[in-house]
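Student: Sharing a structure here in structure tokens format.
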Amino acid sequence: MTAVRAVPAGTAIAWRGPDGTPLRADTPHTLTDGVRRWPVVETIPWLRPDRDDLRERAVAALDAGDPDQAAVVLLADADDWWDGEPPAAAQLRAALRATSLREAVDLLRLGRVGVYFLHRWSDPSWLAALSLTAAHPPNGRPVVDLACGAGHLLRHLVAHGQAEATGVDVVFAKLWLARRFVLPPGAPVALVCADLTAAWPLPPSAAPRHVACHDALYFLPDKAAVVAAALACAGPGGAVLLGHLHNARHPSGTAGLPLPPEGWTALLPGADAYAEEELTVAAVAGRLPAAADPAALARTEAVGLARDAAAAPADPALLRPAPASPLRPNPLYTDGVRRWPDPRWAAEYGERAAAYLPERWPATPGPDAPRRRLLLDLPERW
């Protein structure tokens, strides 16, 4: 049975509901705005708007002392883009007993998203995210990772000493995977299930924040509103990083609702702009990326943007696993041969990943093996 983790009475985050109303804990497992009650499962507040049936069912299960049923209700929820077959309730209950990330994504029937999570540490867009972050690091500021998925970036930053971070995603199952399998136990990371197109769950802060959104903004229709909210969340002295923004003019940039490069740069005036290919190559080489000129942006598959009011100095250490991290051979290699996880992953990432992942495991991996993703800092229960 899933343990009920209490909402601390004096929690450091005064969450806000989808209409912007401040919330308070009314029980160890719910928050309220005085009218509606919101479930908290695995310490994750679920604050999605326009899903009152799910909210009420989850709250009722928690009130009845059945956190497993509350988790099953919320794990079945998906975003508006998802077209996969929903898992049966029995599969969701089995997922609660999963002992690895691999087993959990299979039981949750996450399909291509599950493959993406399992092999995120190997794909070129992950290296691009590391590169953009190293060039424009948190530098001690609290991190807010928007559309954080299963918490890959949050895990990396915590391993490098990040003392305060928040992950926001619209899909509870992704946050549940982050809490159960990806983030280390006791990590200083708050997770919240909320919709970025509604009022944001975080209250304003007098202290600057480092706000990031990787591989997600191209899905949202009102991108300008999200960027404006990210700037407000970052505050004076804060930073906003937007990674893997699909180029609508590139053959590989058609997914979601992409923009041409000039459309992206117009959303964040004054930002440093990067071509995705340069971000990836720089991470493999262990160097900081070079900003792109307009010609490079026109050719790129995806744009990266960073605007930091404090102009924090770069932190090249973020290109690498933290020094104390145990490294394991990349699971893409079986019997010394590289095998892409499926044809879809191969089509999206294979050509660029082959530039740093050789077809056969080298006789001597060498000191650059972590940079080339031959050795990975995988979660213990990967």
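The values are calculated or read from the model by the stated rules, or taken from the named source; none is laboratory data. All values derive from a computational prediction rather than experimental measurement. Reconstructed Cβ throughout: ideal geometry from the backbone, glycine too, with neighbour counts over all protein chains shown. Each accessible area value is taken on the protein alone, full model and side chains, heavy atoms only, with ligands, DNA and RNA left out. Shrake-Rupley method; radii C 1.70, N 1.55, O 1.52, S 1.80 Å.
Student: Ignoring ligands, DNA and RNA, what percent of the accessible area of segment 189-337 is carbon or sulfur (1.4 Å)?
Tutor: On the way: 3700 of 5930 Å².
After summing per-atom areas, the C and S share lands at 62 percent.
Student: Then there is this: Considering only DSSP beta bridges where both residues belong to the chain, give the percentage that are antiparallel (nearest 5). Don't jump to the answer; show the numbers that get you there.
Tutor: Numbers: 24 of 44 bridges.
Of the beta bridges lying entirely in the chain, close to 55 percent run antiparallel.
Student: With a 1.4 Å probe and all protein chains left in place, how much of the accessible area of segment 73-125 comes from carbon and sulfur atoms, in whole percent?
Tutor: On the way: 1150 of 2310 Å².
Here it works out to 50 percent.
Student: I'd like to compare 324-336, 49-61, 174-186: which one has the highest average count of other Cβ atoms within 10 Å, and what's the full order after that?
Tutor: Values: 324-336: 13.2, 49-61: 16.5, 174-186: 20.7.
The most tightly packed comes first, giving 174-186, 49-61, 324-336.
Student: Mean residue ellipticity at 222 nm from the helices of the chain, using -39,500 (n - 2.57) per DSSP H segment of n ≥ 4 over the full residue count, to the nearest 500 deg cm²/dmol? Could the numbers behind the result be given before it?
Tutor: Details: 12 runs with 104 residues, N = 382.
My calculation for the chain gives -7500 deg cm²/dmol from helical runs alone.
Student: Then there is this: So how far apart, in nm, are the two label points at W382 and D63 if each is 7 Å from Cα heading toward Cβ?
Tutor: In this crude spin-label approximation the distance works out to 4.4 nm.
Student: Using r as the Cβ-Cβ distance of D368 and A347, and R0 as 25 Å, what FRET efficiency do you calculate, to the nearest 0.05? Can you show the working numbers first?
Tutor: Values: r = 27 Å, r/R0 = 1.07.
For D368 and A347, the calculated efficiency is 0.40.
Student: Residues of the chain: accessible area per residue at 1.4 Å, in Å²? Intermediate values should be presented prior to the final figure.
Tutor: Values: 15690 Å² over 382 residues.
Here the residues of the chain average 41 Å² of exposed surface.
Student: Sticking with this structure for a sec: Each label point is 7 Å from the Cα along the Cα-to-Cβ direction; what then is the distance between the points at A355 and N139, in nm?
Tutor: Simple spin-label model gives 2.8 nm for this pair.
Student: Report the gain in length on full extension from A206 to R299: 0.36 nm times residue separation, minus Cα-Cα distance, nm rounded to one decimal.
Tutor: Values: separation 93, 0.36 × 93 = 33.48 nm, distance 3.95 nm.
Using 0.36 nm per residue and subtracting the Cα-Cα distance, I get 29.5 nm.
Student: Next question, about the same structure. Which label belongs to the value computed from this structure, given these candidates for percent of Cα pairs over 37 Å apart: (i) 21; (ii) 17; (iii) 46?
Tutor: (ii)
Student: Say each of E262 and V115 gets a label point 7 Å from the Cα, pointing the same way as Cα to Cβ; how far apart are those two points in nm?
Tutor: 3.7
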